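Derivation of every value follows stated rules applied to the coordinates shown; laboratory data play no part. Predicted model only: the values in this text are computed from it and were never measured. Quick reminder, even Gly has a Cβ in these numbers, built from the backbone with ideal geometry, and neighbours come from all protein chains shown.
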Amino acid sequence: MKTLKILILLITINLTAQQGGMWIPSQLEGAREKEMKSLGSNLSAAAIYAIDKPSIKDAIVHFNGGCTAEVISKKGLLLTNHHCGYGAIQSHSTTEHDYLEDGFWAYKQKQELENKGMFVTFIKRIDDVTVQILTGASENNSDKENQDIISQNIKTAIKNVKKEAWQDANVKAFYKGNQYFLFVTEKYKDIRLVGAPPSSIGKFGADTDNWMWPRHSGDFSLFRIYADKNNRPAEYSKDNKPYKPVHYLPVSVDGVAEEDFTLVYGFPGRTNEYLPSVALNQIVYKLNPVKIDIRDKALKIVDKHMRSDNEIKIKYASKFASIANYWKKWIGENQGIEKSKAIQKKQELENAFAEKVKGSTNESLLNDFNKLYKEVEEASLAREIWIETVYRNVELLNATFRMYQLELSAAKGKEAFNKQKESTLKRYKGFYKNYSAKVDQEVFETLVSNYFKVNPKKYTPKEILNTNVSELTKEIYNNSSFISYDAISKLLEGDMKTVLEKINTDKAYQFGKELAASFYNVINADFNAIQPKIAVVQKKYMKALMDHFPEERFFPDANSTLRVTYGQVKGYEPKDAVYYRPVSNLKGIIEKYVPGDYEFDVSEKLLDLYKSKDFGDYAKDGKMPVNFLGTNHTTGGNSGSPVIDKNGNLIGLNFDRVWEGTMSDYNYDPEICRNIMVDVRYILFIIDKYAGTKRLIKEMDLVHGKK
């Protein structure tokens with residue numbers, strides 16, 4: 001009977017696996033290529049990734065280190081999400097020229113706006129360097145010895161790689177350290193804002209609709225890459241020219257239909273598909289609930305102030321969206337894991353694994369996991385509480401943490417201290433530009449009170465254990481230098497000794513210092529003492545899974561490297577008697593319209609276009625498509641990824657997942673996991689009919705991809 005259960009489990013995995021996975025583009029030949037073709041693709045592996053000729057990879061960039069973007073014209077025009085460009089749009093906005101509220105469009109090239117510090121990265125080549133990196137590592141060595149050997153081998157591989165002078169290289173681990181790839185990259189640093197719809201389009205539905213379906217968001221923005229006279233990376237200069245790409249994506253105006261092939265190409269951030277059941281259980285029932293609760297408390301306070309004060313709304317728009325994003329994601333993630341019985345499935349796989357490894361050196365792995373995760377649980381909990389309270393949500397405490405790092409630099413001498421002080425001041429300048437002490441004071445009192453209630457006593461500093469939070473809040477926000485940039489700048493005036501004396505008399509810093517010291521010296525010390533042990537067991541477990549289940553298809557977890565994921569346009573059934581169609585339309589925006597509401601307001605221009613049905617050539621059967629669903633396996637970092645059809649044309653822009661399927665970072669389930677994409681026809685409609693930026697439409701290659 002047990003053998004039958006194992007067989008059923010493996011058959012189920014095989015049947016559903018072709019709809020999941022984040023694959024390394026240089027490793028598509030063979031089984032992956034056949035799977036894509038079975039889903040309707042006409043693309044060869046070489047069309048997707050090649051180093052000796054142009055391929056789709058040459059149109060894909062890592063956008064500013066966190067999102068994805070794609071080149072869609074021969075003049076280096078970039079398409080990414082509105083939420084990926086949000087910080088840049090906000091930085092150019094003022095109360096007089098609110099580009100978040102009104103949108104921004106460069107009707108001439110000279111109107112395109114510089115973005116200091118922004119960059120995009122192309123992947124030029126991916127090399128499998130596993131043998132080189134693991135040479136010398138052995139089971140006879142200690143874990144530390146092996147890690148030292150691997151680290152040195154990585155340095156050697158990067159030093160000796162063949163590349164151009166303006167290119168960079170890095171090595172990343174895959175399959176929990178069982179495989180290594182080297183990436184040769186090119187980073188372009190002159191990136192200019194070209195266009196962005198107003199938030200009423202780019203962020204329609206805002207936090208209420210986030211992770212939900214049906215969705216109606218025009219979540220896109222446009223940038224342009226500029227290069228020097230040789231088309232190479234260069235810092236911003238008025239003499240730079242639009243980048244000439246090796247390849248750019250043609251844009252299909254045919255639209256999508258259910259079961260159409262979809263390829264999403266981008267830089268997914270992080271997944272953990274191969275965690276043991278004990279780890280997933282800890283995430284769902286111990287860690288996520290406390291993180292959700294902290295963000296819930298902070299978001300309610302910030303939302304209240306944003307709704308009553310437009311200046312605060314502008315300052316906190318990007319921060320609020322960032323905090324709300326994962327708050328809602330964790331809620332859906334927990335629900336999805338429970339609904340899909342992910343923990344139970346992992347336990348069934350572990351039972352099958354235990355049968356396979358009886359009597360071998362791998363027999364102890366599952367018991368090792370149980371012991372280590374129990375040992376790390378309190379430190380993990382304290383660490384998440386600290387991050388959510390001190391680092392993420394109480395801004396003043398984040399500022400004290402930066403100051404604590406400055407104080408630590410004093411141990412390296414005056415030169416190091418002064419360099420760090422200059423860097424810290426620059427950070428503070430940007431930080432306080434979008435800071436409100438009025439908002440933060442309420443967040444501080446609420447979250448610090450919560451900290452003392454939920455934090456494990458073992459990890460709460462004794463020096464602050466009996467703090468009267470209400471009195472402390474009043475004293476800090478009435479007297480501390482940490483509530484404004486001018487005050488904190490004066491605090492940092494003087495030589496190293498003077499500065500250190502001054503900051504240590506500030507009550508906010510005294511309190512924040514205790515929290516920071518506790519994090520570094522106690523919480524993180526305990527957490528980091530156990531994590532390497534877990535990593536060693538996880539590496540062995542990953543290898544053993546692949547060895548003992550050779551018929552399975554194991555894709556590497558996401559690690560912010562270039563990946564492809566393929567699937568189809570499909571609706572889904574989130575619950576009994578409910579079926580969601582895979583395409584939403586402009587009609588849905590009008591149905592959700594709430595005049596004056598910051599999440600569901602609709603501009604007069606868009607209302608007029610809808611009433612007159614002035615959709616240009618972008619509608620289908622009189623309807624203007626907005627978003628659509630696919631079975632592609634995506635995560636954070638895939639925001640802005642192109643959705644590519646069976647012939648290599650752009651058909652959409654990835655920006656989200658459905659709430660029921662956010663658990664795909666731990667357990668991809670093809671029945672309910674869906675990624676959400678902006679239909680490229682809606683993007684074209686907004687650029688053309690709404691903004692009237694026809695020069696951008698003319699710049700693209702519009703094609704009928706299905707023909």
Name the shape class, rounded, prolate or oblate, that the alpha-carbon gyration tensor gives for the range 259-324, where a ≥ b ≥ c are the square roots of its eigenvalues, rounded holds for a/c under 1.5, and otherwise prolate holds if a/b is larger than b/c and oblate otherwise.
-> oblate
Going through the range 101-144, which GluC sites (Glu not before Pro) have at most 15 other Cβ atoms within 10 Å and a DSSP loop state?
-> E139
Let me know the charge dipole size of the range 302-378 about its Cα centre in debye, to the nearest 20, where only the beta-carbon of Lys, Arg (+1) and Asp, Glu (-1) is charged.
-> 440
What is the calculated FRET efficiency for L702 to L113, with r their C-beta to C-beta distance and R₀ = 30 Å, to the nearest 0.05?
-> 0.70
Kyte-Doolittle mean at least -0.5 and Cα axial length at least 20 Å: DSSP H helices in the chain | 2-17, 365-386, 395-409, 437-454, 524-548
Over the chain, the sum of -39500 (n - 2.57) across DSSP H runs of at least four, divided by residue number and rounded to 500 deg cm²/dmol, gives at 222 nm -13500 deg cm²/dmol
Considering the dipole of the chain built from charges on the beta carbon (Lys and Arg +1, Asp and Glu -1) around the Cα centre, which of N115, Q335, F369 is farthest to its positive end?
-> N115
Just subtract the alpha-carbon distance of Y236 and E145 from 0.36 nm times their residue separation and send over the number in nm, one decimal.
-> 28.3 nm
Cross-link pairs K124/K238; K37/K346; K162/K187; K159/K419 - those with Cα-Cα distance over 21 Å = K124/K238; K37/K346; K159/K419
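Taking a 31 Å limit on the Cα-Cα distance, which of the listed pairs K74/K155; K300/K623; K319/K453 fall beyond it?
Working: K74/K155 36 Å; K300/K623 37 Å; K319/K453 26 Å.
In this structure, K74/K155; K300/K623 exceed 31 Å between Cα atoms.
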So how far apart, in nm, are the two label points at N479 and E33 if each is 7 Å from Cα heading toward Cβ?
-> 7.3
Answer with one residue from S237, Q420, A257: the one whose Cα lies farthest towards the positive end of the charge dipole of the chain, charges on Cβ with Lys, Arg +1 and Asp, Glu -1.
-> S237
Alpha-carbon centroid distance for the pair the range 369-423 / the range 472-490, whole angstrom | 20
Pull out a ≥ b ≥ c, the square roots of the eigenvalues of the alpha-carbon gyration tensor of the chain, then state rounded if a/c is under 1.5, prolate if not and a/b is larger than b/c, and oblate in the remaining case.
-> rounded
Cysteines (scope the chain) whose Cβ has no counterpart Cys Cβ under 4.7 Å | C673
With +1 on the Cβ of every Lys and Arg and -1 on the Cβ of every Asp and Glu, the dipole magnitude of the chain about its Cα centre, in debye rounded to the nearest 20, is 1080
About its Cα centre, how strong a charge dipole does the range 277-547 have in debye, to the nearest 20, once Lys and Arg get +1 and Asp and Glu get -1 at the Cβ?
-> 560
In percent, how large is the relative contact order of the chain, given Cα pairs closer than 8 Å and 6 or more residues apart?
-> 24
Note the full-extension length gain between K429 and K229 as 0.36 nm times their separation in residues minus their Cα-Cα distance, in nm to one decimal.
-> 68.6 nm
Under the 7 Å Cα-to-Cβ spin-label approximation, N521 and K374 lie apart by a distance in nanometres of 3.1
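Taking the DSSP beta bridges in the chain as the whole, what percent of them are antiparallel, to the nearest 5?
Of all bridge pairs located within the chain, approximately 95 percent are antiparallel.
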If unit charges are put on Cβ atoms (+1 for Lys and Arg, -1 for Asp and Glu) and the dipole of the range 277-547 is taken about its Cα centre, the option from V443, V278, T473 lying farthest towards the positive end turns out to be V278
Taking the alpha-carbon centre of each part, the distance from the range 102-124 to the range 616-694 in Å is 22
What ranking do 565-572, 237-244 get when scored by the average of other Cβ atoms within 10 Å per residue, highest first?
-> 565-572, 237-244
Going highest first, how would you order 349-355, 642-648 by mean Cβ packing within 10 Å?
-> 642-648, 349-355
